[in-house]
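**Student:** One structure is given below, represented as structure tokens, and several questions about it will come after.
The values are calculated or read from the model by the stated rules, or taken from the named source; none is laboratory data. Given the structure is predicted, the values throughout are model-derived calculations rather than measurements. Cβ atoms come from the backbone with ideal geometry, glycine included; neighbour counts cover every protein chain shown.
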Amino acid sequence: MEVESNKQNKITNNHRLAIFASGTGSNAAKIIDYFKNNTHIVIALIVSNKKEAGVLKIAEQNNIPTLIIEKENFFKGNAYVNDLEKHTITFIVLAGFLWKVPQQLINSFPNKIINIHPALLPKYGGKGMYGHFVHQAVIQNKEKQSGITIHFVNEKYDEGKHIFQATCNVNENDTPEILAKKIQLLEHKHFPEQIEKILANTL
Ligand code: GRF
């Protein structure tokens, strides 16, 4: 059931975002910075499954509430839907979140959960394909190009509908670290802008 404040958010076209992240949070930092003076798009919650994740410090510095989630509750409980409702979250951004998203959460946020993946999906996606492993595989396969994919999240890893891709060249001498830097630049440049565009089309 929809809570009253969510209805109000829809009427006024306000968006309250939760960013799910478990890593250093460089993308979360860029997103927070990009929307810091935006009164319609608010980063309202940072969710992490790691107590020591760098993203939690970033949340603290920006006075954004945090929620630490546990596996048992996430997958076998109510997927923290109640907590998200308490914060009147309207949209979810995954930025370095490695757990699969449970069906219950997908049902509560239909077409309102997006993810960023550091490769050109459908290649180099799926379970275990994250961070260094992605870039290593791309280089091993002598790909000439890699990039980023922003996509909707469904119940399968990295398989939701694509929203946006950007590419970069992979040079012969690129190491996974060099490629990671190129990809990170693309992510930081495009992710906040794409979120803004997606939200403009989401009521
Ligand atoms: C990014 O490369 C993103 O594509 C992937 O996880 C990484 C998160 O990096 N899903 P950061 O924590 O935002 O620096």
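**Student:** Mind checking which residues of segment 83-111 are more than 24 Å from ASN14 (Cβ to Cβ) and within 14 Å of the chain's Cα centre (by Cα)? Reasoning before the result, please.
**Tutor:** Filtering segment 83-111 down to residues more than 24 Å from ASN14 (Cβ to Cβ) leaves 96, 98-100, 102-104.
The answer is GLY96, LEU98, TRP99, LYS100.
**Student:** Going by the conditions given, is LYS100 on the phi < 0 side of the Ramachandran plot and without any contact (Cβ under 8 Å) to a residue 24 or more places away in the chain? Full working, then the answer.
**Tutor:** On the way: on the phi < 0 side of the Ramachandran plot: yes; without any contact (Cβ under 8 Å) to a residue 24 or more places away in the chain: no.
For LYS100, the condition - on the phi < 0 side of the Ramachandran plot and without any contact (Cβ under 8 Å) to a residue 24 or more places away in the chain - is not met.
**Student:** While we're looking at this one, here's another question. Taking segment 27-52 as the search range and keeping residues that are of a type in the set (A, V, I, L, M) and part of a strand (DSSP E or B), which one is farthest from LEU67 (Cα to Cα)? If you could, list the steps in order and put the result at the bottom.
**Tutor:** Of segment 27-52, the ones of a type in the set (A, V, I, L, M) are 28-29, 31-32, 41-47.
Filter once more, keeping what is part of a strand (DSSP E or B): 41-47.
Details: ILE41: 19, VAL42: 16, ILE43: 13, ALA44: 11, LEU45: 7, ILE46: 6, VAL47: 5 Å.
Checking each candidate, the answer is ILE41.
**Student:** While we're here: Please go through segment 121-158 and pick out each residue that is among the acidic types (Asp, Glu) and either more than 24 Å from ILE106 (Cβ to Cβ) or modelled with pLDDT of 95 or more (or both).
**Tutor:** To start, the set of residues in segment 121-158 that are among the acidic types (Asp, Glu) comprises 143, 155, 158.
The answer is GLU143, and nothing else.
**Student:** Which residue, of GLU143, GLU155, is more than 14 Å from the ligand (Cβ to nearest atom) and buried (at least 16 other Cβ atoms within 10 Å of the Cβ)? Reasoning before the result, please.
**Tutor:** Numbers: GLU155 fails: buried (at least 16 other Cβ atoms within 10 Å of the Cβ).
Result: GLU143 is the single residue among GLU143, GLU155 that is more than 14 Å from the ligand (Cβ to nearest atom) and buried (at least 16 other Cβ atoms within 10 Å of the Cβ).
**Student:** Ok, one more. Can you name the residue in segment 1-17 that is of a type in the set (A, V, I, L, M) and either part of a helix (DSSP H, G or I) or crowded, with 17+ Cβ neighbours inside 10 Å (or both) and is also modelled with the lowest pLDDT among such residues? Even if it seems obvious, please write down each step before you answer.
**Tutor:** At the first step, the residues of segment 1-17 found to be of a type in the set (A, V, I, L, M) are 1, 3, 11, 17.
Now narrow it down to the ones that are either part of a helix (DSSP H, G or I) or crowded, with 17+ Cβ neighbours inside 10 Å (or both): 11, 17.
Details: ILE11: 49, LEU17: 98.
Checked segment 1-17; the qualifying residue modelled with the lowest pLDDT is ILE11.
**Student:** Considering segment 114-125 alone, what residues qualify as being touching a residue at least 24 places away in the same chain (Cβ under 8 Å) and within 13 Å of the ligand (Cβ to nearest atom)?
**Tutor:** Of the residues in segment 114-125, the ones touching a residue at least 24 places away in the same chain (Cβ under 8 Å) are 114-122, 125.
Across segment 114-125, the qualifying residues are ILE114, ASN115, ILE116, HIS117, PRO118, ALA119, LEU120, LEU121, GLY125.
**Student:** Between a first residue in segment 180-203 that is touching a residue at least 12 places away in the same chain (Cβ under 8 Å) and within 20 Å of VAL153 (Cβ to Cβ) and a second residue that is surrounded by 15 or more Cβ atoms within 10 Å (Cβ to Cβ) and of a type in the set (Ser, Thr, Tyr), which pairs have beta carbons less than 7 Å apart while being 6 or more apart in sequence or on different chains?
**Tutor:** Here the result reads ILE183/SER146; PRO192/TYR34, each pair linking segment 180-203 to a residue that is surrounded by 15 or more Cβ atoms within 10 Å (Cβ to Cβ) and of a type in the set (Ser, Thr, Tyr).
**Student:** For PHE20, are the conditions met, namely being in contact with a Leu (Cβ under 6 Å, 6 or more places away or on another chain), more than 16 Å from the ligand (Cβ to nearest atom) and at pLDDT 95 or above?
**Tutor:** Numbers: in contact with a Leu (Cβ under 6 Å, 6 or more places away or on another chain): yes; more than 16 Å from the ligand (Cβ to nearest atom): no; at pLDDT 95 or above: yes.
Here the answer is no, as PHE20 does not meet what is asked.
**Student:** Out of all the residues in segment 32-55, which are more than 9 Å from the ligand (Cβ to nearest atom), β-branched (Val, Ile, Thr) and surrounded by 21 or more Cβ atoms within 10 Å (Cβ to Cβ)?
**Tutor:** Filtering segment 32-55 for residues more than 9 Å from the ligand (Cβ to nearest atom) gives 32-52.
Narrowing further to those that are β-branched (Val, Ile, Thr): 32, 39, 41-43, 46-47.
If the condition is that a residue be more than 9 Å from the ligand (Cβ to nearest atom), β-branched (Val, Ile, Thr) and surrounded by 21 or more Cβ atoms within 10 Å (Cβ to Cβ), then ILE32, ILE41, ILE43, ILE46, VAL47 are the ones that fit.
**Student:** How many residues does segment 79-93 hold that are surrounded by 14 or more Cβ atoms within 10 Å (Cβ to Cβ) and free of Cβ contacts under 8 Å to residues at least 40 places away in the same chain?
**Tutor:** From segment 79-93, those surrounded by 14 or more Cβ atoms within 10 Å (Cβ to Cβ) are 79-81, 83-93; that's our starting set.
Narrowing the set further to residues that are free of Cβ contacts under 8 Å to residues at least 40 places away in the same chain leaves 79-81, 83, 86.
Number of matching residues: 5.
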